[in-house]
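> Can you keep this structure in mind? I'll have questions shortly.
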Amino acid sequence: MGASVEELNYTQDTGAVFAAFADRPWSIFLDSGAYGGERARYDIFSAEPSVTLTTRGLRTEIKTPRALAISEDCPFELVKRSLGSPRPAPLGLPFAGGAMGYFGYDLARRLERLPVMAAADFDVPEMAVGIYDWAVVVDHAERRSFLVASDHGSRAALLEIRAALGRSLSDTARRSFGIVSPVHFNMTRHEYGRGFRRIKRYLRDGDCYQVNFAQRFSACVEGDLWLAYRALQCLNPAPFSAYLRLPELVVLSSSPERFLHVRDGVIETRPVKGTRARSANKVRDQALAKELRVSAKDRAENLMIVDLLRNDLGKNSALGSVKTPALFEVESFATVHHLVSTVTGRLETGRHALDLLAGCFPGGSITGAPKLRAMEIIEELEPHRRNVYCG
């Protein structure tokens, strides 16, 4: 199945164009923040997928405009089946229709046997993925924009999409967003310290090497969540950001880290471990970056995750193809310097990118090492499930 492509007028602020779609069912915006460069050059957005898959526990609902099916098969396999044959992307674009959405951290319970200790207090899907027949793809490196659509997409729908693209909705026409309650922490300072000390004991006992210990902050809000996303990107612009509107929640994501990239069978993962805050003073900022680059502690943490990811990639890579072409590179973002390494491989013949994702899920940089034991400790010490976070 092929795809049609139509060039659109380019604008650097893709969000201003996406605003006309932000309230539509299952609207999604994969936002590079106009960073440019090969690793973050594209923005992609779409809405109203032809198929949706949502997983809760053992059950996945598969919805189309005409039917609803329930399956207890592996969610990764269900997405693979829904995708069908690969769709060649015209003009070397990264997307020509296909799957977009999220795989939440707790989907790992379908892959590993984990204890059940953390409270499941939010009724949100562990997986929410749409199969999209069209997308707007913006290439910031070439300063070009395209509307890409699969051949079986509705002509009437495409006409409506073109009309909407000409009706960019100004942010000033939206209802303002605000936090209307104090921020709540799901652990007190004492509880967090107790968990931290417990992890240190596990480390001293050789039970694990590293644990990513997280805390949840919550508050009541009102207003337009698209404006909340726009504010987030102003405060913390990041090359792998996303906005996703589902029936039961809206996901606002801001991340400097790409978990997995596969193109023409070549796999790349770029784990982030090691951080320093940026300084407004240029000399001090350079000193902080240098301090991070030579830090034995940060290098050790990064190397542990590199080793973990080499093992994870190896599950679905051709024998002998896993390499580490770059170690301990400092990359600078708007608010922080990060220590980043690169691991590559070649996808084994007959394997699918979703096989790779399942074999690496969840990412080692947000669990710790060894992965399964770190996840058991996270389940023991974090009072609530992570849900979408860290997926």
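The values are calculated or read from the model by the stated rules, or taken from the named source; none is laboratory data. Nothing here was measured: the structure is a model prediction, and the numbers come from that model. Neighbour counts run over all protein chains shown; Cβ positions are idealised from the backbone, glycine included.
> Restricting attention to segment 360-378, which residues are part of a helix (DSSP H, G or I) and either at pLDDT below 95 or surrounded by 18 or more Cβ atoms within 10 Å (Cβ to Cβ) (or both)?
Cys360, Gly364, Ser365, Ile366, Lys371, Ala374, Met375, Glu376, Ile377, Ile378
> While we're on this one: So which residues in segment 138-164 are of a type in the set (Asp, Glu), over 15 Å from Val17 (Cα atoms) and at pLDDT 90 or above?
Correct list: Glu142 only.
Quick grid of which residues meet (1) under 20 Å from Lys273 (Cα atoms); (2) in the same structural domain as Leu107 (by TED's automatic domain parsing); (3) in contact with an Asp or Glu (Cβ under 9 Å, 6 or more places away or on another chain); (4) of a type in the set (Ser, Thr, Tyr):
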residue	(1), (2), (3), (4)
His338	yes, no, yes, no
Glu348	no, no, yes, no
Ala358	no, no, yes, no
Thr367	yes, no, no, yes
Ile377	yes, no, yes, no
Glu380	no, no, no, no
Pro383	no, no, yes, no
Arg386	yes, no, yes, no
Gly391	yes, no, yes, no
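> While we're looking at this one, here's another question. Just a yes or no: is a residue in segment 41-54 under 30 Å from Ser332 (Cα atoms), assigned by TED's automatic domain parsing to the domain that holds Leu246 and in a loop (DSSP other than H, G, I, E, B)?
So far as segment 41-54 goes, yes, one or more of its residues are under 30 Å from Ser332 (Cα atoms), assigned by TED's automatic domain parsing to the domain that holds Leu246 and in a loop (DSSP other than H, G, I, E, B).
> Check Phe259, Phe217 and return the single one that is closer than 30 Å to Ala89 by Cα and among the aromatic types (Phe, Trp, Tyr).
Answer to the check: Phe259.
> Scan segment 314-352 for residues that are small (Gly, Ala, Ser) and without any contact (Cβ under 8 Å) to a residue 40 or more places away in the chain and jot them down.
Correct list: Gly314, Ala318, Gly320, Ser321, Ala326, Gly350.
> Within segment 74-103, take every residue that is among the aliphatic types (A, V, I, L, M) and at pLDDT 95 or above and give me the one that is nearest to Asp133 (Cα to Cα).
Here the residue is Ala99.
> Quick check on segment 37-63: of everything there that is of a type in the set (Lys, Arg) and in contact (Cβ under 8 Å) with a residue 24 or more places away in the chain, which residue is nearest to Ala22 (Cα to Cα)?
Arg41
> Take the conditions crowded, with 16+ Cβ neighbours inside 10 Å and in a helix (DSSP H, G or I) and apply them to Leu244. Does it pass?
No.
> Can you say whether Glu331 is closer than 21 Å to Glu191 by Cα and either in the same structural domain as Pro271 (by TED's automatic domain parsing) or of a type outside the set (Ser, Thr, Tyr) (or both), as far as the supplied structure shows?
no
> Return yes or no: is Asp106 modelled with pLDDT under 95 and either touching a His at 6+ places or on another chain (Cβ under 7 Å) or under 24 Å from Glu382 (Cβ atoms) (or both)?
It is false that Asp106 is modelled with pLDDT under 95 and either touching a His at 6+ places or on another chain (Cβ under 7 Å) or under 24 Å from Glu382 (Cβ atoms) (or both).
> Glu248 is checked against (1) in contact with a strand residue (DSSP E or B) (Cβ under 7 Å, 6 or more places away or on another chain); (2) under 29 Å from Arg56 (Cα atoms); (3) acidic (Asp, Glu) and fails just one. What number does that condition carry?
Of the numbered conditions (1) in contact with a strand residue (DSSP E or B) (Cβ under 7 Å, 6 or more places away or on another chain); (2) under 29 Å from Arg56 (Cα atoms); (3) acidic (Asp, Glu), the odd one out for Glu248 is (1).
> Which of the residues spanning segment 1-30 are among the aromatic types (Phe, Trp, Tyr) and either free of Cβ contacts under 8 Å to residues at least 12 places away in the same chain or at negative phi (or both)?
Tyr10, Phe18, Phe21, Phe29
> Looking at segment 201-212 only, could you name the residues that are closer than 15 Å to Gly364 by Cβ and not β-branched (Val, Ile, Thr)?
Residues satisfying the conditions are Cys208, Tyr209, Gln210, Asn212.
> Only one residue in Leu78, Leu91 is aliphatic (A, V, I, L, M) and either on the phi > 0 side of the Ramachandran plot or outside the structural domain of Gly15 (by TED's automatic domain parsing) (or both), so which one is that?
After ruling out the rest, the residue left standing is Leu91.
> Let me ask something else about it. Does segment 25-39 include one or more residues that are assigned to a loop (DSSP other than H, G, I, E, B), of a type in the set (Phe, Trp, Tyr) and more than 13 Å from Ala135 (Cβ to Cβ)?
Yes, the conditions are met somewhere in segment 25-39.
> Thr11 passes all but one of (1) within 17 Å of the chain's Cα centre (by Cα); (2) outside any strand (DSSP E or B); (3) of a type in the set (S, T, N, Q); which number fails?
Status for Thr11: all satisfied but (1).
> Of these, Ala289, Ala238, Ala280, which one is part of a loop (DSSP other than H, G, I, E, B), touching a residue at least 24 places away in the same chain (Cβ under 8 Å) and either aliphatic (A, V, I, L, M) or touching a strand residue (DSSP E or B) at 6+ places or on another chain (Cβ under 9 Å) (or both)?
Ala238
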